[in-house]
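Below: one structure, written as structure tokens.
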Amino acid sequence: MRTILHLDLDTFYVSVERLIDSTLQNKPLLVGGTSDRGVVAACSYETRTFGVHSGMSMKIAKELCPEATIIKGNAGTYSKYSDVVTEIIKEKVPLFEKSSIDEFYADLSGMDKFFGAYKYASELRQKIISETGLPISLGFAQNKVVSKVATNEAKPNNQLKIDFGTEKSFLAPLSVKKIPMVGDKTYHTLRSLGVRYVKTVQDMPVEAMKSVLGVNGLTIWKRANGIDNAPVIGFSERKSISTERTFDRDTIDVYKLRNILIAMTENLSYQLRRGNKLSACITVKIRYSDFNTYSKQLKIPYTSADHILIPKILELFEKLYQKRLLVRLIGIRFSHLVGGNYQINLFEDSEKQLNLYKALDHIRDRYGDRSVIRAAAMGSKTIGRMQNPFNGQPPIVLAHRKQ
């Protein structure tokens, strides 16, 4: 029997800000872009009673909750606190998965005979709270889906254990929207069919769910019934995606090199977003005509945004590039990947910027990853493709053939 622990740092950005400034405790707080065009990256529980939620326009959020304090978030600060929690878990748990900047799974199967798995999980949660000062909730069950739902039911700053064999009865009275994978669109589809609670899905024939929602219907039906065999994927900071290009003729054309780097960064950034990943470390690699190879890396706040990554990549290139030497190969790598979406980049961006990324990525999803590119990248004919870079396989390296 498997034993899966799920940990989720409560209102993470808000909690970090309150840790830094204790006067913000118990006050309505919004974190995100501070202008009216900004977007809410995170909001405290106090603001949610007014209808505020993450991803909302900051202008609307301020109208709904005018007494809220607004803070422009700092992705670098949040990344550091996330790393502290990661190190605590790494020290105590043999197999864990960092599924996002503030969310973790751990496989404690087989530990009952030695420690008492739930007791061990509870002690781990208390250790995180005492050493970081951050509130964190815990879900404990036989699989990832049920443990995640249990965590959400335990919040704020609490824990919940679902005994083996009670998964269906635990899930049954909950809103169907609480099943992981049921977003707004799927929820409205189910509500139009009269499905409001998980129990209704449990009682439906699986064929009915498949006919309405296709393959996703089968997955949702299984999750509603507490069935999930997804493994905990061991966390490794070495996990990465990268690309490099070897030139048919060695070049000293700096303009060309910069444009290729822009194209590479733009493409890999899109692959990050498509895989719902963020990177916290970037590397630029150069090989000269004498085959001497050099690289330089930089730790950055978690991101998947082109407009953040491109200047950083070009900055590394300028520091690394030795002028007047012919270049044979250039490449970039994004590493220290964790699960997460564009939300962490909202602190300096507007709703317009967020909608632009969504629109561009939608076009790329439909017509190909090179269907929309920056003007500076147009001279780069080939920068490679990735079909499914985030399927739990080993790190992917895209090597570009000579042209």
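Values computed for the structure shown
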{"read-out": "FRET efficiency, 1/(1 + (r/R0)^6) with R0 45 Å, evaluated for GLU131 and ASP253 via beta carbons", "value": "0.30"}
{"read-out": "Ordering of 179-188, 90-99, 218-227 by burial proxy (mean other Cβ atoms within 10 Å per residue, highest first)", "value": "218-227, 90-99, 179-188"}
{"read-out": "Members of LYS72/LYS148; LYS185/LYS222; LYS92/LYS144; LYS296/LYS323 lying beyond 26 Å, as alpha-carbon distances in this model show", "value": "LYS72/LYS148"}
{"read-out": "Highest average packing first - 135-141, 150-156, Cβ atoms within 10 Å", "value": "135-141, 150-156"}
{"read-out": "Aspartates and glutamates whose Cα lies under 17 Å from that of LYS113, excluding same-chain neighbours fewer than 8 positions away", "value": "GLU123, ASP163"}
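Each reported figure results from applying straightforward, stated rules to the coordinates on display, with no laboratory input. Because the structure is a prediction, the values reported are computed rather than measured. As a convention, Cβ positions derive from the backbone with ideal geometry for all residues, glycine included, and neighbour counts pool all protein chains shown.
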